[in-house]
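Peer 1: To start, I am sharing the structure in question, which I have written as structure tokens.
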Amino acid sequence: MLLEGKIAVVTGAGRGIGSEIARLFASEGASVVVNYHHSADTAVKLATEIGRGSIALGADVSDPAAAKDMMDKVAAHFGRIDILVNNGASFAHDLPFEKAEWEDYTKEFVGVVGATVNPTRAVTPYMKSQGGGKIVNFIATLVQRPSADQIVHTTCKSALIGLTRTLARDLGPYGITVNMVSPGMTMTQYSTSLPEDLKARVTGQTPLRRLATAEDVAKVVLFYASPLADFVTGANIAPDGGLVVL
């Protein structure tokens, strides 16, 4: 049990990769706060299924007040917060550079960077007071291997690299690690709806010749959140089958 007795908050855990992280964390002994924005029914069902006193809490984490309110509720309920996984984020529709307006960038910045900054700001006072904690942020292979017409989302995800590395330096003296995971195309509800020729092309470009599963990504997050990564901070692991090396 790598996370026995730990309290973990996973944002955007009502579906997709977030729900798989919640399941894996609970199987390793953690009590999980399944955060959701729109997926209330699935989040409540998941929290009940994984057990260990896990709960579902709704909050739009791109809103600073909502993120703080959620963390305050978690701390009041459990008495501590050991792990924060900033999985929840918006994903802008594909736009070529010539058609992307500045408002598209600012809106996505709130949905991506804001959704990471706000929960992190809200949780750090609790982690500092208890002498440590683990924070995991989500980047994307798009940052290392850009895709056409996804400049808005890629630009905002790129900002999280600087944020994560700076936080690793700033929060390290308090025993708090901050790391990144950069998934490649992952088989979730969203990606299964993508064109088959696109998925086949990405698969063919991936050295391991398959797309990632949500479990592949969750295992990397578990590593960061566990004692196995106690001396790892500011790092980035890409569970992408080797796609970014080509």
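Residue by residue, here is whether (1) assigned to a loop (DSSP other than H, G, I, E, B); (2) more than 16 Å from the chain's Cα centre (by Cα); (3) free of Cβ contacts under 8 Å to residues at least 24 places away in the same chain holds:
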| position | (1), (2), (3) |
| --- | --- |
| Val61 | yes, no, no |
| Ala67 | no, no, no |
| Met70 | no, yes, no |
| Ala75 | no, yes, no |
| Arg80 | yes, yes, no |
| Val85 | no, no, no |
| Ser90 | yes, no, no |
| His93 | yes, yes, yes |
| Glu98 | yes, yes, yes |
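Peer 1: Looking at segment 123-138, which of its residues are in a helix (DSSP H, G or I), touching a strand residue (DSSP E or B) at 6+ places or on another chain (Cβ under 9 Å) and not basic (Lys, Arg)?
Peer 2: Selection gives Val123, Thr124, Tyr126, Met127.
Peer 1: Exactly one condition in (1) at negative phi; (2) in contact with a Ser or Thr (Cβ under 6 Å, 6 or more places away or on another chain) is false for Ala200; which is it?
Peer 2: Ala200 satisfies all of (1) at negative phi; (2) in contact with a Ser or Thr (Cβ under 6 Å, 6 or more places away or on another chain) except (2).
Peer 1: Right, another one. Output the number of residues of segment 1-34 satisfying the condition of being outside any helix (DSSP H, G or I), among the hydroxyl-bearing types (Ser, Thr, Tyr) and within 17 Å of Gly88 (Cα to Cα).
Peer 2: Residues in segment 1-34 being outside any helix (DSSP H, G or I), among the hydroxyl-bearing types (Ser, Thr, Tyr) and within 17 Å of Gly88 (Cα to Cα): 1 in total.
Peer 1: Hey, could you check segment 212-224 for residues that are assigned to a helix (DSSP H, G or I) and within 16 Å of Thr188 (Cα to Cα) and say which is modelled with the lowest pLDDT?
Peer 2: The extreme case among them is Ala214.
Peer 1: So, in segment 1-30, exactly how many residues are out of contact with any Gly (no Cβ under 6 Å at 6 or more places or on another chain) and either under 14 Å from Thr48 (Cα atoms) or not β-branched (Val, Ile, Thr) (or both)?
Peer 2: 19
Peer 1: If I ask for residues that are touching a Phe, Trp or Tyr at 6+ places or on another chain (Cβ under 8 Å) and either more than 23 Å from Leu211 (Cβ to Cβ) or of a type outside the set (A, V, I, L, M, F, W, C) (or both), which ones from segment 158-181 would you list?
Peer 2: Ala159, Thr177, Asn179
Peer 1: Could you please give the count of residues in segment 225-238 that are hydrophobic (A, V, I, L, M, F, W, C), closer than 19 Å to Met127 by Cα and part of a loop (DSSP other than H, G, I, E, B)?
Peer 2: 2
Peer 1: Which condition breaks for Cys156 when tested against (1) of a type outside the set (Val, Ile, Thr); (2) in a helix (DSSP H, G or I); (3) without any contact (Cβ under 8 Å) to a residue 24 or more places away in the chain?
Peer 2: The failed condition is (3).
Peer 1: Taking the conditions exactly as written (of a type in the set (Gly, Ala, Ser) and either part of a helix (DSSP H, G or I) or touching a helix residue (DSSP H, G or I) at 6+ places or on another chain (Cβ under 6 Å) (or both)), does Gly241 satisfy them or not?
Peer 2: Spelling it out, it is not the case that Gly241 is of a type in the set (Gly, Ala, Ser) and either part of a helix (DSSP H, G or I) or touching a helix residue (DSSP H, G or I) at 6+ places or on another chain (Cβ under 6 Å) (or both).
Peer 1: Sticking with this one: Looking only at segment 79-100, which residues are at pLDDT 95 or above and either surrounded by fewer than 18 Cβ atoms within 10 Å (Cβ to Cβ) or of a type in the set (Val, Ile, Thr) (or both)?
Peer 2: Passing the criteria: Gly79, Arg80, Ile81, Ile83, Val85.
Peer 1: Quick one: how many residues across segment 31-53 are of a type in the set (Ser, Thr, Tyr), touching a Gly at 6+ places or on another chain (Cβ under 8 Å) and either closer than 8 Å to Gly14 by Cβ or exposed (fewer than 13 other Cβ atoms within 10 Å of the Cβ) (or both)?
Peer 2: The number of residues fulfilling the criteria is 3.
The values are calculated or read from the model by the stated rules, or taken from the named source; none is laboratory data. Because the structure is a prediction, the values reported are computed rather than measured. Every residue, glycine among them, receives a Cβ derived from its backbone with ideal geometry; neighbour counts consider all protein chains shown.
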